[in-house]
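Participant: One structure, pasted below without further comment.
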Amino acid sequence: MLPMVDLDLTLGCGQVFRWFKEGEWWSGVVDGKEVHLRTHDRRIDVRGEISKDRLRDYFRSGDDLDLIYAEIARDDLMRDLASRFKGLRLIRQDPWECSLSYLLATNANFPRIQKMVDAVCRTFGPLLPGGRHDFPSPSNILDGEEKALKCGLGYRCGRMVEFARNVEEGRLDFEALMEMSYAECISYLKGFEGIGDKVADCIALFCLDHLEAFPVDVRIRRVMDRAYGIKGSYKVVRECGQRYFGRYAGYAQELLYHWDGLKST
DNA sequence: AACCAGGTCTCGA
DNA sequence: TCGAGACCTGGT
């Protein structure tokens, strides 16, 4: 049985870039298979070749949302967000896809990030039955790296190719990365071109199970200032968030991110 | 038409 | 260690 999940909140805005809503169905690609999900009678209908176990893992069913939301509900604002965004779950993404996606996500807005990731998938990713493309492997990208110029990535283009090379040639080892502590993996990831504190935090949170990560972007910066009067360097805002919200700061960050998104659009 | 975007890099103080 | 500018491109 799947955990309680609000698909619109969870898939719709921010953390993943390859899910699209067609009518009432959400369409995505997981493990190289096209998957369709919808909410029906408060249950999740699933179409596609994906096991219930895999789906539970993908939606982090081990996360006890009631416990987590209770723990991060430190004040009136967070209590309100916790009740309004009930069912917003973090997703356990594939490390390679997550890393490259957030490498591309720098200094761009959500529609553009979706567009860039989609261009990369159409250009390099194997075509799947049903018409969608898989997320390309590092070697998929390196095999035709000259085509990267046509993906509209701007200055991220060279970073993407270099990143693929670093993974392909073993300088970036995801197996090792997954064994590291939060601090270790941030420091390790920042050694690669195009990955700074923000991208490293996103990777730590969205695919490496470090729920204490607190990625700070423009929106989080704005919210932390407005709601709590916290401003300053990346480190200052991140550490304030982590200290205030505790071990599940990442979930708090996600609620605040969505909240700011509702207001600013 | 400017301004901004799930930032990073470089460089000077 | 920290702040300021540059940076591709497209959305709004």
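Participant: May I ask you to list the residues in segment A:82-118 that are surrounded by fewer than 17 Cβ atoms within 10 Å (Cβ to Cβ) and of a type in the set (Phe, Trp, Tyr)?
Facilitator: A:PHE110
Participant: For A:LEU77, all conditions in the list (1) assigned to a loop (DSSP other than H, G, I, E, B); (2) more than 21 Å from the chain's Cα centre (by Cα); (3) not aromatic (Phe, Trp, Tyr) hold save one; what is the number of the exception?
Facilitator: Only one criterion is unmet by A:LEU77, namely (1).
Participant: Among A:SER181, A:SER137, which is farther than 30 Å from A:ARG247 by Cβ and away from DNA strand B (no atom under 15 Å from the Cβ)?
Facilitator: Exactly one residue qualifies, and that residue is A:SER137.
Participant: Against the condition surrounded by 16 or more Cβ atoms within 10 Å (Cβ to Cβ), assigned to a helix (DSSP H, G or I), at pLDDT 95 or above and aromatic (Phe, Trp, Tyr), how does A:TRP26 come out, does it pass? Walk me through it before giving the result.
Facilitator: Values: surrounded by 16 or more Cβ atoms within 10 Å (Cβ to Cβ): yes; assigned to a helix (DSSP H, G or I): no; at pLDDT 95 or above: yes; aromatic (Phe, Trp, Tyr): yes.
Answer is no for this residue.
Participant: For segment A:90-184, please list each of the helices (runs of 4 or more DSSP H) lying entirely inside it that holds at least 2 residues being within 14 Å of DNA strand C (Cβ to nearest atom), touching a residue at least 12 places away in the same chain (Cβ under 8 Å) and on the phi < 0 side of the Ramachandran plot.
Facilitator: Filter on segment A:90-184 gives A:95-104, A:110-124, A:156-168.
Participant: Still on this model: Can you tell me which residue among A:GLU175, A:GLU254 is modelled with pLDDT of 95 or more and within 30 Å of A:LEU142 (Cβ to Cβ)? Quick ask: steps written out before the conclusion?
Facilitator: Numbers: A:GLU254 fails: within 30 Å of A:LEU142 (Cβ to Cβ).
Just a single option satisfies the conditions, and that option is A:GLU175.
Participant: Quick one: in segment A:12-23, of everything that is at pLDDT 95 or above and surrounded by 16 or more Cβ atoms within 10 Å (Cβ to Cβ), which residue is farthest from A:SER99 (Cα to Cα)?
Facilitator: In this case the residue turns out to be A:TRP19.
Participant: Checking A:ILE230 against (1) more than 30 Å from A:ALA164 (Cα to Cα); (2) of a type outside the set (D, E, K, R); (3) within 12 Å of DNA strand B (Cβ to nearest atom): exactly one of these is not met. Which one?
Facilitator: Result: A:ILE230 passes all but (3).
Participant: Looking at A:GLY241, A:GLY261, can you tell me which residue is within 11 Å of DNA strand B (Cβ to nearest atom), touching a Phe, Trp or Tyr at 6+ places or on another chain (Cβ under 8 Å) and not hydroxyl-bearing (Ser, Thr, Tyr)?
Facilitator: Working: A:GLY261 fails: touching a Phe, Trp or Tyr at 6+ places or on another chain (Cβ under 8 Å).
It is A:GLY241.
Participant: Got a sec? Which of A:GLY194, A:GLY152 is of a type outside the set (S, T, N, Q), near DNA strand B (Cβ under 9 Å from one of its atoms) and within 26 Å of A:ASN109 (Cα to Cα)? Step through it out loud before you land on a result.
Facilitator: Values: A:GLY152 fails: near DNA strand B (Cβ under 9 Å from one of its atoms).
Just one listed residue meets the conditions, A:GLY194.
Participant: Out of (1) within 30 Å of A:MET4 (Cα to Cα); (2) surrounded by 17 or more Cβ atoms within 10 Å (Cβ to Cβ), what's the single condition that is false for A:LEU128?
Facilitator: Answer for A:LEU128: the failing condition is (2).
Participant: Which of the following residues is touching a strand residue (DSSP E or B) at 6+ places or on another chain (Cβ under 8 Å), among the aliphatic types (A, V, I, L, M) and either under 27 Å from A:GLY131 (Cβ atoms) or at pLDDT below 95 (or both): A:LEU9, A:LEU55?
Facilitator: Working: A:LEU9 fails: touching a strand residue (DSSP E or B) at 6+ places or on another chain (Cβ under 8 Å).
Going through A:LEU9, A:LEU55 in turn, the sole match is A:LEU55.
Participant: Further question: A:SER137 - would you say it is surrounded by fewer than 17 Cβ atoms within 10 Å (Cβ to Cβ) and either modelled with pLDDT of 95 or more or in contact with a helix residue (DSSP H, G or I) (Cβ under 8 Å, 6 or more places away or on another chain) (or both)?
Facilitator: Working: surrounded by fewer than 17 Cβ atoms within 10 Å (Cβ to Cβ): no; either modelled with pLDDT of 95 or more or in contact with a helix residue (DSSP H, G or I) (Cβ under 8 Å, 6 or more places away or on another chain) (or both): yes.
It is false that A:SER137 is surrounded by fewer than 17 Cβ atoms within 10 Å (Cβ to Cβ) and either modelled with pLDDT of 95 or more or in contact with a helix residue (DSSP H, G or I) (Cβ under 8 Å, 6 or more places away or on another chain) (or both).
Participant: Determine the pairs where a residue that is free of Cβ contacts under 8 Å to residues at least 60 places away in the same chain and of a type outside the set (S, T, N, Q), located within segment A:46-73, has a partner that is surrounded by 14 or more Cβ atoms within 10 Å (Cβ to Cβ) and assigned to a helix (DSSP H, G or I) with Cβ atoms under 6 Å apart, the partner being 6 or more residues away or on another chain.
Facilitator: Correct list of pairs: A:ALA73/A:ARG79; A:ALA73/A:ALA82.
The values are calculated or read from the model by the stated rules, or taken from the named source; none is laboratory data. Predicted model only: the values in this text are computed from it and were never measured. With ideal geometry, Cβ positions are generated from the backbone for all residues, glycine too; neighbour counts draw on all protein chains shown.
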